[in-house]
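This report concerns only the one structure given below.
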Amino acid sequence: MKNYTEFTNEEKTTYWQKHFENWQDSGLSQKNYCESNAASYWNFKTWYAKLRPVSGNGQNKFIKVKSWKNDTVYAGKIEIIFPDNIRIIVEDSISESSLRKIFSAKGSGND
């Protein structure tokens with residue numbers, strides 16, 4: 001069997017689609033499924049975002065991020081606009097772990 005790093009994009013797509021089917025049948029969270037099946041949780045989330053269908057309302061899952069450079073009120077801030085128009089403004093120096101907590105609390109994670 002090939003090493004995952006040697007898979008073509010098509011093989012990776014098939015590989016992750018099978019994992020998604022198995023995960024949905026398992027009743028486990030994404031994280032627990034990945035731990036139980038020796039699959040990379042972050043790769044799982046990345047491929048799930050790539051391959052899952054667009055939401056029923058036809059909107060994509062991208063969020064808008066805006067950074068102000070010359071506005072004194074918002075200088076050094078980043079505005080995150082979610083598809084449901086919820087806006088969050090944070091310091092541009094925010095840590096990755098803090099951003100992950102915001103996305104998790106907002107429900108942008110799929111776990």
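The values are calculated or read from the model by the stated rules, or taken from the named source; none is laboratory data. All of these numbers come straight from a predicted model, not from anything done at the bench. Note that we place each Cβ from the backbone using ideal geometry, even for glycine, and neighbour counts take in every protein chain shown.
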Filter result for GLU35 (in a helix (DSSP H, G or I), acidic (Asp, Glu) and modelled with pLDDT of 90 or more): yes
Any pair with Cβ under 9 angstrom, 6 or more apart, that starts in the stretch 27-47 at a residue that is outside the structural domain of ARG100 (by TED's automatic domain parsing) and ends at one that is surrounded by 15 or more Cβ atoms within 10 Å (Cβ to Cβ) and among the small types (Gly, Ala, Ser): TYR33/ALA39
Residue count, the stretch 42-73 (criterion: surrounded by 12 or more Cβ atoms within 10 Å (Cβ to Cβ), at pLDDT 60 or above and aromatic (Phe, Trp, Tyr)): 3
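Name the residue that is surrounded by the most Cβ atoms within 10 Å (Cβ to Cβ), counting only residues in the stretch 74-99 that are assigned to a strand (DSSP E or B) and of a type in the set (A, V, I, L, M).
Filtering the stretch 74-99 for residues assigned to a strand (DSSP E or B) gives 77-81, 87-91.
Filter once more, keeping what is of a type in the set (A, V, I, L, M): 78, 80-81, 88-90.
On the way: ILE78: 17, ILE80: 19, ILE81: 15, ILE88: 15, ILE89: 12, VAL90: 14.
Checked the stretch 74-99; the qualifying residue surrounded by the most Cβ atoms within 10 Å (Cβ to Cβ) is ILE80.
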